[in-house]
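The values are calculated or read from the model by the stated rules, or taken from the named source; none is laboratory data. Since the structure is predicted, the reported quantities are computational estimates derived from the model, not experimental observations. We place every Cβ from the backbone using ideal geometry, glycine too, and count neighbours over all the protein chains shown. Surface accessibility is based on the protein's heavy atoms, side chains included, excluding ligands, DNA and RNA. Shrake-Rupley method; radii C 1.70, N 1.55, O 1.52, S 1.80 Å.
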Amino acid sequence: MGGRGRSRRTQRKHFRDGRENVWKKEKETQTEGEENTNNDNKRPVHWQPFAIENAAFDVYYKEQGIVPPHEWDSFVECLRKPLPAAFRINSSSQFSTDLRSQLEDEFMKSLQSEVTDGNDAEGIKSLSWYPDKFAWQSSFSRMQLRKNKSLERFHEFLKQENEIGNITRQEAVSMVPPLFLDVHRDHFVLDMCAAPGSKTFQLLEMIHQTSEVGTLPSGMVIANDVDVQRCNLLIHQTKRMCTANLIVTNHEAQHFPGCHMRKNLVNVSDLGMTELLFDRVLCDVPCSGDGTLRKAPDIWKKWSVGMANGVHCLQLQIAMRGLALLKTGGRMVYSTCSMNPVENEAVVSEILRRCGDSVELVDVSTELPQLIRRPGLKSWKVRDKGVWLASHKDACKHGRPGIVPSMFPSGQVHVDTPDSDQKITAGEIVEEGETADVLVSEVSSLPLERCMRIVPHDQNTGAFFVAVLQKIAPLPVLQTKSNKQSDSDEKVKQVEVAVEKNANEMDVEVTNEEPAKASADAGVVDNESDEAFLDTNPSKKLKASEPESNKVNSRAAKANDKRKLQVQGKWYGVDPVVFFKDDAILTNIKEFYGIHDWFPFSNRLLTRNSDTNHVKRIYYMSESVKSVVELNFLGGEQLKITSIGLKMFERQTSREGTSTPCVFRISSEGLPLLLPHMTKQIACASPGDFKHLLQYKSIKFPDLVDDGFREKVATLSLGCCVVVLNQGNEGLSDPPKVDKSTIAIGCWKGRSSLSVMVTAIDCQELLERLLVRFETEKGSLPDNKLANGDEAVKTDDVEVRQDSETVTLATTVG
């Protein structure tokens, strides 16, 4: 199944995210003589956009009845229009209310005059169904935003705020599935097919929404994707969130590992969990993507019924795996950006049939009442190679092995018998070119009307399908047993190990052999359970030496060797996850920055380098992430982790060659979490000095305007420090009191100057936010004069060399 999944994923790249916007018209000059031999003049000829129609599409969806006949023209007309741009304000951003006010007070008015479509009353508006007016939609397509000069300022606003992380540009209907998950701050959440990461970002916002300054929620999110390059996109997207509660993994979703702790470790471990299960699962599966026709009109030309038929089985496998990883009482949302019932209701129907009373399709019709949605279909047909099929019996008669029973409303399997060779009646099969009016479809007895269909012409969006499933009891054993497991149970016996705890390491001995056994609820093969690889430092590959008395047969031994290779070199090309335990460095960091003893550092720091003598970056993880990492070690490192935790410290050296008391600086991402717990290397700057730092990046000490700030900076040690904006009362205490309104930036104190360690775009964004705030509350920021009365001159002479890829994200504590 892995090979089939990969081929389908290759198809998916052409159907979903990552496409170019092909609405634009390209220009090319051709000679008129090529079109008309009677005229030798030249004139520009405009290439037209892709043909936005497909006869097979019309035939298929008219027959499926996804909209009533009298709505068909409106439905298709809307599909042929470009999709309006939409975006979401990051609710956890310190400036979320400021951004909302700017949209309401400034852009709603300025963009009104640019509306060209008479049906739209507003140039930009909040989505009524999204909580707290944090989601917005414009009346302009992405192409219009890029090309229309009068929209340039709004477009630059969107680009800048998106890059900073204050907003996320996201299709409106794509925001819907996370809202129905009902995520709480203590939930363990799995996003099975997460890239490019906009929904993952939403989930992280929900986890962090009620967090106090300097604290972390007890929940976490695992974001998974099968494609390594898309994982990189996912990491880039979620990095803007600055969270210690995230793990990014790289697995086939249908085979996502359950991280079962080895049975012989259950009684000796105090971890509190023996397998990885989740409170919430988002199952936004790969699909044909015809719900995104407005965003990607190239699909019109490519569309065929085979696109949906080809991914049905993969979608079902992923959904069943998601339910297996879901805790009893947990909720899973299954969603697609497809309109095809074979990818939607058919998958949900088969889930309910397989799971029986273990899973319930939840009625959420009263939730988000302002979101217009249609009920799910209870009857549909399957079409394959120009033929309409009413049931699996018809598929068998026409020799269509790729059409499986689960695609039909009843899900009934037809088995050929000696008496089943009957003639096909005129009403059973309809050939290509004929109507299907006489074809009687099966009708499902399941409550599929509880599913949600979002169609484009209801609220000027794309199309989407959502189903909410509740797991009310453990799944039947037959539905949780892995496909890989049955073979391994018969061929190879697992070697179990006994563990003795010794200080910070776990030493391993082989004690006996026992057949492999599966978990009833999560059902994944523990391919590594015969290995004695339990140290929390993956660079140490412990080898279990088996006693001579425990010789296995040659076939089992050969398989055992293969398993050892998988464990020892399982994730080649991926940086290891190593707990950071250098007490000398950690003590130095804590003393230099005056970090309170109660701040939880124990077993919360890690690196991605097995050579701890050359560590460049130290990452911090929440308690929930730490528990998953420990379970992963105890289960043989089944998770392929591509990104984890929050970058908190980076090794830093000075261009001046001056030695500093601490070679690790605080990263911009880690500062909001750490600042409330710091007592040293902090200075409060006046609004004028803070403005100058943002504008000119580096200022000589004599040029600092405020005497108190200059004196405070003089007392700081060389190296990394934090500059906090004095908004009125911060200077009254030392260290300053930190709350959600605190604004701070990381800086570097050299021998003669103070330099900011924030990128230019982050400085610009923060400066603009401060200008708006000060103009609203206090008049304006101070002028551009330095202490000597001269105009500040912008300089790039920053006395710092960075050993990281880049300095990112201006820091705001909220």
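General observations
- Residue match in segment 731-740 (condition: of a type in the set (Ser, Thr, Tyr) and either touching a Phe, Trp or Tyr at 6+ places or on another chain (Cβ under 8 Å) or at pLDDT below 60 (or both)): no
Per-residue answers, yes or no, for (1) open to solvent by 60 Å² or more (accessible area, probe 1.4 Å); (2) at pLDDT 90 or above:
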position	(1), (2)
Glu114	no, no
Glu122	yes, no
Lys125	yes, yes
Leu151	no, no
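- Any hit, segment 202-211, residues being more than 22 Å from Arg169 (Cβ to Cβ), among the polar types (S, T, N, Q) and surrounded by 24 or more Cβ atoms within 10 Å (Cβ to Cβ): no
- Here Ala223 passes the criteria (1) open to solvent by less than 20 Å² (accessible area, probe 1.4 Å); (2) within 20 Å of the chain's Cα centre (by Cα); (3) in contact (Cβ under 8 Å) with a residue 40 or more places away in the chain except the one numbered (3).
Rundown of residues vs (1) under 31 Å from the mean Cα position of the chain (by Cα); (2) assigned to a strand (DSSP E or B), yes/no style:
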site	(1), (2)
Val574	yes, no
Thr587	no, no
Phe592	no, no
Asp597	no, no
Ser602	yes, no
Ile618	yes, yes
Val628	yes, no
Gln638	yes, no
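- For the condition in contact (Cβ under 8 Å) with a residue 12 or more places away in the chain and either in contact with a Cys (Cβ under 6 Å, 6 or more places away or on another chain) or assigned to a loop (DSSP other than H, G, I, E, B) (or both), Val67 qualifies.
- Any hit, segment 70-83, residues being touching a residue at least 24 places away in the same chain (Cβ under 8 Å), part of a loop (DSSP other than H, G, I, E, B) and within 27 Å of Lys239 (Cβ to Cβ): yes
- The residue that is nearest to Thr742 (Cα to Cα), among those in segment 686-716 that are open to solvent by less than 50 Å² (accessible area, probe 1.4 Å) and hydroxyl-bearing (Ser, Thr, Tyr), is Ser686.
- Test set (1) touching an Asp or Glu at 6+ places or on another chain (Cβ under 9 Å); (2) assigned to a helix (DSSP H, G or I) - Leu323 fails condition number: (1)
- Residue count for segment 717-730, restricted to those that are free of Cβ contacts under 8 Å to residues at least 60 places away in the same chain and crowded, with 18+ Cβ neighbours inside 10 Å: 8
- Qualifying residues in segment 269-283 (those that are part of a loop (DSSP other than H, G, I, E, B) and either open to solvent by 20 Å² or more (accessible area, probe 1.4 Å) or free of Cβ contacts under 8 Å to residues at least 60 places away in the same chain (or both)) - the one nearest to Ile222 (Cα to Cα): Leu277
- Residue within segment 284-291 that is part of a loop (DSSP other than H, G, I, E, B) and either open to solvent by 20 Å² or more (accessible area, probe 1.4 Å) or aliphatic (A, V, I, L, M) (or both) present: yes
- All positions within segment 204-220 that are among the charged types (D, E, K, R) and modelled with pLDDT under 90: Glu212
- Residue in segment 751-770 that is in contact with a strand residue (DSSP E or B) (Cβ under 7 Å, 6 or more places away or on another chain), of a type outside the set (Val, Ile, Thr) and exposed (fewer than 15 other Cβ atoms within 10 Å of the Cβ) present: yes
- Only one of the numbered conditions (1) surrounded by fewer than 21 Cβ atoms within 10 Å (Cβ to Cβ); (2) farther than 25 Å from Gln764 by Cα is violated by Val625, and that is (1).
- Filtered by the rule that a residue be crowded, with 18+ Cβ neighbours inside 10 Å and either under 34 Å from the mean Cα position of the chain (by Cα) or within 27 Å of Lys647 (Cα to Cα) (or both), segment 731-747 gives Pro735, Pro736, Val738, Thr742, Ile743, Ala744, Ile745, Gly746, Cys747.
- Val228 being surrounded by fewer than 17 Cβ atoms within 10 Å (Cβ to Cβ), in contact with a Pro (Cβ under 8 Å, 6 or more places away or on another chain) and not basic (Lys, Arg): no
- Subset of segment 363-376 [surrounded by fewer than 18 Cβ atoms within 10 Å (Cβ to Cβ) and in a loop (DSSP other than H, G, I, E, B)]: Asp363, Ser365, Thr366, Glu367, Leu368, Pro369, Gln370, Ile372
- Segment 577-611, subset open to solvent by 50 Å² or more (accessible area, probe 1.4 Å) and polar (S, T, N, Q), residue modelled with the lowest pLDDT: Ser610
- Contact map, segment 238-255: residues that are in contact (Cβ under 8 Å) with a residue 40 or more places away in the chain paired with residues that are among the polar types (S, T, N, Q) and assigned to a strand (DSSP E or B), Cβ distance under 6 Å, separation 6+ or inter-chain. Pairs shown: Val248/Thr642; Val248/Ser643; Thr249/Asn224; Asn250/Thr642; His251/Asn224.
- Options Gly356, Gly330: the member that is under 27 Å from Leu190 (Cα atoms), buried (at least 19 other Cβ atoms within 10 Å of the Cβ) and small (Gly, Ala, Ser): Gly330
- Annotation note: of Val722, Val758, Val738, the sole residue that is closer than 15 Å to Ile164 by Cα and aliphatic (A, V, I, L, M) is Val758.
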